[in-house]
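Inspection log for the structure reproduced underneath, given as structure tokens.
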Amino acid sequence: MKKMTEQNLINAFGGESQAHMRYLHFANQAEKEDFPNVARLFRAIAHAEFVHAGDHYRELKHLDGGFVANSMAAFGPGDTQKNLSLAIAGETFEITEMYPTYIDVAKFQDEKLAQRSFEWAYGTEIKHKELFEKAQKAVESSCDVELGKVQVCEVCGYTIEGEAPDKCPLCDAKKDQFVTLKKYLRP
């Protein structure tokens, strides 16, 4: 694997791993503030970030040793309103800067599996931002978000509110590859 794509995968793995943990902590805070649906949303998206990290990690199976991951990570947890703002900022960074650049580099270096992993994450982060913005509007009004089922594709992390599609729009996984998240699922 070419070194730039390899480092981008390492960085993406680090960022998705941190997002996974950060969103679990944000879910706990939302529960404390009596926003159970916001908490459920954070847990579902945390699971999607876990899937993204796993996809990136699998593409790094050739590595052996310790490596530094540089990733943009939102720090400074607070109340649910602040945590939603941090989540939206992180998703926006991934959508507007990180993944488009990583995808372009992987294309240029003809690293097709890395490119696919980046594209799956990118497509999902757009949905995450939309869901977090919906939650933020509710919390700004001191209300919990109205939220149906939240489903996550176990192959690519695609996240959707409502019924799972017959086929994942990102990776073509079948409907039975989606999991409905009520609480955090341990791998």
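Read-outs: derived from the displayed coordinates by stated rules, not from any lab. Nothing here was measured: the structure is a model prediction, and the numbers come from that model. Note that we place each Cβ from the backbone using ideal geometry, even for glycine, and neighbour counts take in every protein chain shown.
Stretched out fully, how many nm does the piece from LYS167 to MET4 gain, at 0.36 nm a residue minus the Cα gap?
In short, 55.4 nm is gained.
One decimal place: the segment HIS25-ARG58 gains 9.3 nm when fully extended, by the rule 0.36 nm per residue minus the C-alpha distance.
Which pairs in the list LYS112/LYS149; LYS2/LYS61; LYS129/LYS149; LYS32/LYS149; LYS32/LYS134; LYS61/LYS149 are over 24 Å apart, alpha-carbon to alpha-carbon? Over 24 Å Cα-Cα: LYS112/LYS149; LYS61/LYS149. Could you work out the helix-only [θ] at 222 nm for the chain, with each DSSP H run of four or more residues adding -39,500 (n - 2.57) and the total divided by the number of residues, to the nearest 500 deg cm²/dmol? When only DSSP H runs of four or more count, the value is -19500 deg cm²/dmol. If you average the C-alpha positions of segment 34-66 and of segment 97-112 separately, how far apart do those two centres end up, in angstrom? Each part reduced to its Cα centre gives a spacing of 20 Å. Straightening the chain between GLU130 and MET72 buys 18.9 nm, computed as 0.36 nm per residue apart minus the Cα-Cα spacing. Coupling constants for segment 31-44 follow from the phi torsions by the Karplus curve (6.51 cos²θ - 1.76 cosθ + 1.60, θ = phi - 60°), and in residue order they are 4, 4, 8, 6, 10, x, 6, 5, 4, 4, 5, 4, 5, 5 Hz; glycine and proline get x. For VAL150, the residues whose amide H sits under 5 Å from its own are GLY162, LEU181, ignoring neighbours fewer than 5 places away on the same chain, with H placed 1.01 Å from N.
Straight-line cross-link partners of LYS82 among the aspartates and glutamates, defined as a Cα under 17 Å from its Cα and at least 8 positions apart when in the same chain: GLU31, GLU33, ASP34, GLU91, GLU130, GLU133, GLU140, ASP144. Given a cut-off of 24 Å, what percent of all Cα-Cα pairs of the chain lie beyond it? Summing the P(r) tail past 24 Å for the chain gives 35 percent.
Rounded to whole numbers, the Karplus 3J(HN,Hα) couplings from phi for segment 110-124 are 6, 9, 5, 5, 5, 4, 4, 4, 5, 5, 4, 5, 4, x, 6 Hz, using 6.51 cos²θ - 1.76 cosθ + 1.60 with θ = phi - 60°, and x at Gly and Pro. Taking Rh as the Kirkwood radius computed over C-alpha pairs, what is the Stokes-Einstein D of segment 81-163 at 20 °C in a medium of viscosity 1.002 mPa s, expressed in µm² per second? Approximately 154 µm²/s, per Stokes-Einstein. Can you tell me the orientation of helix 99-108 relative to the chain, as the angle in degrees between its alpha-carbon axis and the longest Cα principal axis, to the nearest 10? Between the helix axis and the principal axis of the chain, the angle is about 20 degrees. The mean of 1/r over all pairs of different alpha-carbon atoms in segment 30-74, once inverted, gives a Kirkwood hydrodynamic radius of 13.0 Å. Between exposed trypsin sites (Lys or Arg not before Pro) in the chain, where DSSP calls loop and at most 13 other Cβ atoms lie within 10 Å, what's the longest gap? Counting at most 13 other Cβ atoms within 10 Å as exposed, the longest clean stretch of the chain is 62-181. Between the listed residues PHE132, THR96, GLN29, the Cα displaced farthest toward the positive end of the dipole of the chain, a dipole computed from Cβ unit charges relative to the Cα centre, is found at GLN29. Between GLN18, GLN81, GLN136, the residue with the greatest mean-square fluctuation in the GNM of the chain (Cα pairs under 10 Å linked by springs) is GLN81. In this simple spin-label model, placing a label point 7 Å from the Cα along the Cα-to-Cβ direction at both THR92 and LYS137 gives a separation of 1.6 nm.
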